Amino acid sequence: MQKKIAVLTSGGDSPGMNAAVMEVARSAAKAGMHLVGVKHGFNGLIGKFAKPSDNYTILSQDTVLDIADLPGTYLRTARCQEFYEPEYQQKAVEFLTKLGVVGLVVIGGDGSFHGAQKLSQLGMPCIGIPGTIDNDLEYSETSLGFDTAVNVCMEAVRAIRATSRSHDRPAVVEVMGRNCGDIAMQTAMSTGAEVVIVPEVAGWEVDQIAQRLSSLIARGNTRATIVVAEGAWKVMKPFDVYTFLKPYKQVFEGEPMTAARFASILKRKCDAEVRANVIGYTQRGHEPTAQDASFAFEAGNMAVELLKSGIGNEVIGVRHGRVFHMGLDRALEVRPQFKRHLFDLVNSL
């Protein structure tokens, strides 16, 4: 009797997810295994939708052959609050067992991996493939979508800097990454940005950045770029946006700092035409780069080979440029190691 495995994508969509699903399908077919595609992340596992076809589908090489270079995720993705409850975790195992599934490939980030960990503890072998642009799974040097997101930001910042040079206008550029500043750091380093602000360095001050920008302008750099990770606003020292901006533009008390408001503040403090740019979802909804697509290829194949051998509770990652696998429990215990020397270098040159 042929073995049957399943695959799902969970959390935020990231470039390379579809490529990984395709490689799981191809490798499963090569191994003589059937493949179930679970829809909408963990929601499909708990049968959240009335129609079975909205919860899962049967995948083959033919159905996914042309999805590798598509952005987004073919299987869809969504958060699933119910899955935090033990009863729904057990329901998911029963759902998979009823379908005859003997192993599950979970493509997602930290939250998705914790879900896979719960399923593994309940007896359903799971293999995790890191799929998140944030690159916040510390056991691996990279995750699916990170390289693509950085390249999207790099191209955007290069274009912004071209206009900044033409008009002598500094720019504030907000990039994604949730609570991890890797996208911001890589973008700043690859574009020559003069300032980078990340959530790993807490307690940064608006006046500190204003002084840095004023110093750059005084030295003749009238088109400096300030790259801000979206999570950095939460670790900023308190600043009264309302009191400062009220004389200049409409603003309401209690409104948080944003890229647009930060640019307006720097405009007044530095006497410069500072403009704001938020790159946004283009970082997530882009075709995967060669690096992300090739990682998806190796990871998808490795996941199937592990399940074929009866191995579960493992995750796949990259270490020293090579794809490897390790225990899921141990991977989730690896603590962040922020490269402070690179942060200081960007902000001092």
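Computed from the coordinates by the stated procedures, all read-outs in this text should not be read as laboratory data. Keep in mind the model is a prediction, meaning the values are calculated, not measured. All Cβ positions, even for glycine, are placed from backbone atoms using ideal geometry, and neighbour counts span all protein chains on display.
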Qualifying aspartates and glutamates (Cα of each under 12 Å from Cα of K269; at least 8 residues distant if same chain): D207
10 °C / 1.306 mPa s Stokes-Einstein diffusion coefficient of segment 88-212, Kirkwood radius on C-alpha pairs, µm²/s: 92
Relative contact order, percent, the chain [alpha-carbon distance under 8 Å, six or more residues apart]: 22
Inverse mean reciprocal Cα-Cα distance (Kirkwood Rh) of segment 295-349, Å: 13.5
Vicinal HN-Hα couplings computed from phi for segment 5-22 (Karplus, 6.51 cos²θ - 1.76 cosθ + 1.60; Hz; Gly/Pro x): 10, 9, 9, 9, 10, 9, x, x, 5, 9, x, x, 4, 5, 4, 5, 4, 4
Amide proton proximity set for V101, modelled H, under 5 Å, gap of 5+: none
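Please work out the Cα convex hull volume for segment 1-90 and give it in Å³ per residue.
Value for segment 1-90: 100 Å³ per residue.
Quick check: convex hull over the Cα atoms of segment 146-283, volume per residue in Å³, rounded to an integer?
With only Cα atoms used, segment 146-283 gives 101 Å³ per residue.
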Amide H partners (placed H, <5 Å) of A276, local residues excluded: V172
Dmax and Rg, reported as Rg then Dmax, of segment 40-151 (C-alpha, Å): 14.6, 43
Cross-link pairs K234/K339; K4/K51; K118/K339; K51/K98; K4/K48; K30/K91 - those with Cα-Cα distance over 24 Å: K118/K339; K30/K91
Assigned charges on the beta-carbon of Lys, Arg, Asp, Glu; the chain dipole about Cα centre (debye): 380
Relative contact order (%) - segment 94-142, alpha-carbon pairs under 8 angstrom, separation at least six: 37
Relative contact order %, segment 146-283, counting alpha carbon pairs below 8 Å whose residues are six or more apart: 34
Pairwise centroid distance, computed over Cα atoms, of segment 187-244 with segment 292-333, Å: 37
Calculated from backbone phi, Karplus (6.51, -1.76, 1.60) coupling profile of segment 288-293 in Hz, x at Gly/Pro: x, 6, 4, 5, 5, 5
Loop-located trypsin sites (Lys or Arg not before Pro) in segment 295-349 whose Cβ has at most 14 other Cβ within 10 Å (DSSP): K339
Pairwise centroid distance, computed over Cα atoms, of segment 266-283 with segment 60-76, Å: 37
Å³ per residue enclosed by the Cα convex hull of the chain: 145
Other-chain or far-sequence residues with amide H under 5 Å of H286's (modelled H): G72
